[in-house]
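The values are calculated or read from the model by the stated rules, or taken from the named source; none is laboratory data. These figures come from a predicted structure and were not determined experimentally. So basically every Cβ, Gly included, is an ideal-geometry build from the backbone, and we count neighbours across all protein chains shown. Each accessible area value is taken on the protein alone, full model and side chains, heavy atoms only, with ligands, DNA and RNA left out. Shrake-Rupley method; radii C 1.70, N 1.55, O 1.52, S 1.80 Å.
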4 protein chains.
Amino acid sequence: MNVLIWNEHIHEQNNPLVQNVYPDGIHGAIASCFKGMTNVHVQTATLADKEHGLTEEQLAKTDVLIWWGHVAHDQVEDPIVDRVQKRVLEGMGLLVLHSGHFSKIFKRLMGTSCDLKWREADEKERIWVVDPSHPIAEGIGESIVLEKEEMYGEHFDIPVPDELVMVSWFEGGEVFRSCATYRRGNGKVVYFRPGHETYPTYYHEDIRKVIVNCVKWLAPVRRGGPVYGNAKPLETISEK
Amino acid sequence: MNVLIWNEHIHEQNNPLVQNVYPDGIHGAIASCFKGMTNVHVQTATLADKEHGLTEEQLAKTDVLIWWGHVAHDQVEDPIVDRVQKRVLEGMGLLVLHSGHFSKIFKRLMGTSCDLKWREADEKERIWVVDPSHPIAEGIGESIVLEKEEMYGEHFDIPVPDELVMVSWFEGGEVFRSCATYRRGNGKVVYFRPGHETYPTYYHEDIRKVIVNCVKWLAPVRRGGPVYGNAKPLETISEK
Amino acid sequence: MNVLIWNEHIHEQNNPLVQNVYPDGIHGAIASCFKGMTNVHVQTATLADKEHGLTEEQLAKTDVLIWWGHVAHDQVEDPIVDRVQKRVLEGMGLLVLHSGHFSKIFKRLMGTSCDLKWREADEKERIWVVDPSHPIAEGIGESIVLEKEEMYGEHFDIPVPDELVMVSWFEGGEVFRSCATYRRGNGKVVYFRPGHETYPTYYHEDIRKVIVNCVKWLAPVRRGGPVYGNAKPLETISEK
Amino acid sequence: MNVLIWNEHIHEQNNPLVQNVYPDGIHGAIASCFKGMTNVHVQTATLADKEHGLTEEQLAKTDVLIWWGHVAHDQVEDPIVDRVQKRVLEGMGLLVLHSGHFSKIFKRLMGTSCDLKWREADEKERIWVVDPSHPIAEGIGESIVLEKEEMYGEHFDIPVPDELVMVSWFEGGEVFRSCATYRRGNGKVVYFRPGHETYPTYYHEDIRKVIVNCVKWLAPVRRGGPVYGNAKPLETISEK
């Protein structure tokens, strides 16, 4: 399986605090989740790369794309967004993380504003599994506790998730649908809430397990894709 | 519309604290939500009534049944449960409140254990609306805050709700899917989490609004019901 | 309730066959579904109108918008599409009919290609109700038979419907998810498959009932809408 | 993975026609789908076996149970049904085939009548994939055509499926939700419509692929299961 991790990679260069937490970039930390998995081939790409590292060739061979962005959503060029959307509809999996909720590609695939409440106050977050039979929860206990995170609160303006896997509790009084899945065309999409750039969230063992589980669940399904357009009736089709 | 409010009506007779909060019974407090609604005819029934007040005749004319039970689930007789299930499948709406999660009728319609976490610790509850376009949320703000309630926490062992309308936050660190809808046969079911018997929850203005909204949403749909069994092919059916 | 019926209104002017079926336009035929309903105020708008008849003022007072388009989807200007999407997210209902599946507004709200199979062969269509408890099916029997219609077949490239109310059978061997609902922001969306412009489908009694039922179901919910952005914690909020 | 195939095994002994189609029993034909899969261990059980072959020990080690029954649903003893339900809620996958829609275990897990329309008329069936990204459709084209099958038609009185993967078309004018998934407790359930006992459906290459795909999808998820009952608040829990 070919996994491509996309990170806008700006905070890590501008903010010493973030640099200190993620010396190899957020994409580097995420890439390390897959260390030792021989059947997964991981690559990374950033905003500054030519075509943001999302060339036709690169996307064509990508099975699952992971997306982290925050301050530079508008700098992602529209034709590249078109390209990513097209690949999702063709079958590529897409894992959108944290502030990626406001990325062009996520808003494009959802059709809503994807807006939410937020607060930076070093709050405790407790992420509860509400779908115990879902493969994304494999190996995870009842809840994941993060000692300090940014708060994201409802209402989260997304379409009704096809599957709601986790719901977060925050110290200050909010809840949030933290792990949600969607089907779009031949592809699948997961939104997973954690990791604000100033916290070491992507080193947390359970968060890393969930990311790996998401990628497995997002793997494309191999089959003869749908055919669209003018169609012949059944009696004129020669059957095998 | 004919609404029947069923209450096991035991705590109010055994526990002075509950008696003090609900002098007219929990069913009495719920009935008062509909005061002044000329198009709603409200009746009540309790466990001690003949056939628990759920005779064939009574159920036949009931459009929406509201259910509150706690310590006497096992005393509800199986043939009566069969009868209520049959009426739901025929189209009667069913609103299950709070500890009714463990009632025979709710477990029967869900197919799961309907188990959950709980704690009696006078905790603050904040019920968030996560489906802002749902009629059950009409007239309700972003969240309802209850100063003191019993905690119910995930995992709540119910089937995936057809619609998840509200999610609760509790002071002690839990979340809960507090307002969930299901379709069963020609009928609809809502589970709504609040009101522990020792708190004045059913006098809270927003909780009362939600109960009325649920009843409206649960109204039976009038149509020629499905026909089952051996069926003729289309070409032999004379069409209107 | 204010209903606005939008029709591109081109076939009726270019094609004598369509003109003969719909002398008052498709919008005229749809408008007549609401005749005699004193609580519904109906207006119509077409592509040729200034701003396609979808001015800020007009949309601001519209509760439910009905959309029929086919050959001129590309002529609907993007800023108008932005405006309609914004209003749906604010709470306006949207009923998309037949070839409107390829309209800019429907694709925008779905995030997918909305492509499908089709065939013009005067085929029999049988629309089966698969959700008997849904208000959209009120007054409708088990199935609606249309003697001649255009075939639309799976795969229909839409997101998984929040609710699937009807599924069509076509003589030539196809099925189609014909009545599907979605929630987007504070608004609701229904896609309903029938009426090709050359058939008198919008005069069929049951189709007219479904259109009225859809409009009722799409009515906006009145409540304090979600607030987004930086939020204070619960303990700092003065509660009523 | 341990797969247990349960078949009531009556038609094959009473009806020469069925005996001729399935000389090794329907369970034998289904078992042969897994031939050559070294990581799948297949066993079979029938109604006539002691405790119907569904002892505590056997169920405890079963990962996925496949169920085929028709004329003897009532002969399956209630304590055995309790036992199977308990194992599904613990995490065991359950694949219910064809006339198993009326089995006690399926009705128990659904909460509805599970009734439907049917006709034995050697009709053509075309099973359309409506969820192209679902792993159950892996390796399957747009539709599966069965030259002759029993018709099953809507309305099928099941709860709204969590996922609707396939919809059938029948020659005589009906549609049917043919492949539907549900989550119950820690376990997953699939209903898959084909194979009437008098047709060689379980030898059809695509039907066999779907059965194998279903079993893979139904595999239990390994994790610390939910804990129910009285719970301590977060601040008193010592975190790892």
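For D:Met92, neighbours were defined as the other residues whose beta-carbon sits under 11 Å from its Cβ, and their charges (Lys and Arg +1, Asp and Glu -1) total +4. When its C-alpha radius of gyration is set against 2.2 N^0.38 Å (N residues), the stretch C:13-72 gives a value of 1.24. Only helices enter this figure: runs of n ≥ 4 DSSP H residues, each worth -39500 (n - 2.57), summed and divided by the residues of chain A, yield -6000 deg cm²/dmol at 222 nm to the nearest 500.
For chain A, the longest principal axis of the alpha carbon atoms and the long axis of helix A:205-217 meet at an angle near 10°. Each listed q (0.05, 0.06 Å⁻¹) maps to a log10 I(q)/I(0) for the protein assembly as shown, found by the Debye formula over equal Cα scatterers with no solvent: -0.29, -0.42.
Across the stretch A:94-103, rounded Karplus estimates of 3J(HN,Hα) from the backbone phi angles (6.51 cos²θ - 1.76 cosθ + 1.60, θ = phi - 60°) give 9, 10, 9, 10, 6, 5, x, 4, 9, 5 Hz, Gly and Pro being marked x.
Residue and distance for the chain A Cβ closest to the axis that moves A onto C, in whole Å, come to A:Gly111, 2. Residues whose amide H comes within less than 5 Å of that of C:Arg223, counting only those at least five positions distant or on another chain, are B:Gly139 (H built at 1.01 Å from N in the peptide plane).
Quick one: work out Rg over Rh on the C-alpha atoms of the stretch C:105-240, Rh as Kirkwood radius.
Numbers: Rg = 18.8 Å, Rh = 16.9 Å.
Using only Cα positions, Rg/Rh for the stretch C:105-240 is 1.11.
Rounded to the nearest 100 Å², what is the sum over both chains of accessible area buried where C meets A, with a probe of 1.4 Å? Don't skip to the end; give the middle numbers.
Numbers: alone 11740 and 11730 Å², together 20860 Å².
Roughly 2600 Å².
On the principal axes of its alpha carbon atoms, the stretch A:2-222 extends 45, 41, 38 Å, with the longest extent given first. Relative to the other identical copies, D:Asp49 shows label-point distances of 4.9, 5.3, 6.9 nm, where the label point lies 7 Å from Cα along the Cβ direction and values run shortest first.
Couplings 3J(HN,Hα) for the stretch B:12-23, derived from phi with the Karplus relation 6.51 cos²θ - 1.76 cosθ + 1.60 (θ = phi - 60°), are 5, 9, 9, 10, x, 4, 5, 4, 5, 6, 10, x Hz, where x marks Gly and Pro.
Counting Lys and Arg as +1 and Asp and Glu as -1 over every other residue whose Cβ lies under 9 Å from the Cβ of C:Trp169, the net charge comes to -2.
In the neighborhood of A:Val21, defined by Cβ-to-Cβ distances under 11 Å, what is the net charge if each Lys or Arg adds +1 and each Asp or Glu adds -1?
On the way: positive: none; negative: A:Glu12, A:Asp24, A:Glu197.
Computed value for this residue: -3.
Amide H contacts of A:Trp118: A:Gly153, C:Gly229, C:Asn230, C:Ala231, each under 5 Å away and 5 or more positions distant or on a separate chain (H built 1.01 Å from N in the peptide plane; Pro and chain starts excluded).
Protein heavy-atom accessible surface, 1.4 Å probe, per residue over chain D: 35 Å². Computed 3J(HN,Hα) for the stretch C:225-230, one whole-Hz value per residue from the Karplus formula 6.51 cos²θ - 1.76 cosθ + 1.60 where θ = phi - 60°, is x, x, 10, 10, x, 4, glycine and proline marked x. Can you tell me the 0 to 90 degree angle between the C-alpha axis of helix A:78-90 and the longest principal axis of chain A, rounded to 10? So the helix axis and the longest Cα principal axis differ by about 60 degrees.
Loop-located trypsin sites (Lys or Arg not before Pro) in the stretch C:33-88 (DSSP state not H, G, I, E or B) with no more than 13 neighbouring Cβ atoms inside 10 Å: C:Lys35, C:Lys61.
Label-point spacing for D:Pro16 across the identical copies (point 7 Å from Cα in the Cβ direction), in nm and ascending order: 6.7, 8.4, 9.3.
Taken about its Cα centre, chain B carries a charge dipole of roughly 940 debye when the Cβ of each Lys and Arg holds +1 and the Cβ of each Asp and Glu holds -1. Amide H to amide H distances under 5 Å link A:His41 with A:Asn2, A:Val3, where only residues 5 or more positions off or on other chains count and H is placed in the peptide plane. Dipole size of the protein assembly as shown about its Cα centre, with +1 on Lys/Arg Cβ and -1 on Asp/Glu Cβ: approximately 0 debye, rounded to the nearest 20. Comment: the Cα-to-Cβ extended label point of A:Tyr228, at 7 Å, lies 2.7, 4.0, 4.6 nm from its counterparts in the other copies, nearest first. For B:Lys124, the aspartates and glutamates whose Cα falls under 13 Å of its own Cα, not counting residues fewer than eight places away in the same chain, are A:Glu171, A:Glu174, B:Glu147, B:Glu149, B:Glu150, B:Glu171, B:Glu174, C:Glu235, C:Glu239. Springs between Cα atoms under 10 Å define the GNM used for chain D, and in it the highest mean-square fluctuation of D:Asn186, D:Asn20, D:Asn39 occurs at D:Asn39. Carbon-plus-sulfur accessible fraction, the protein assembly as shown (probe radius 1.4 Å, protein heavy atoms only): 49%.
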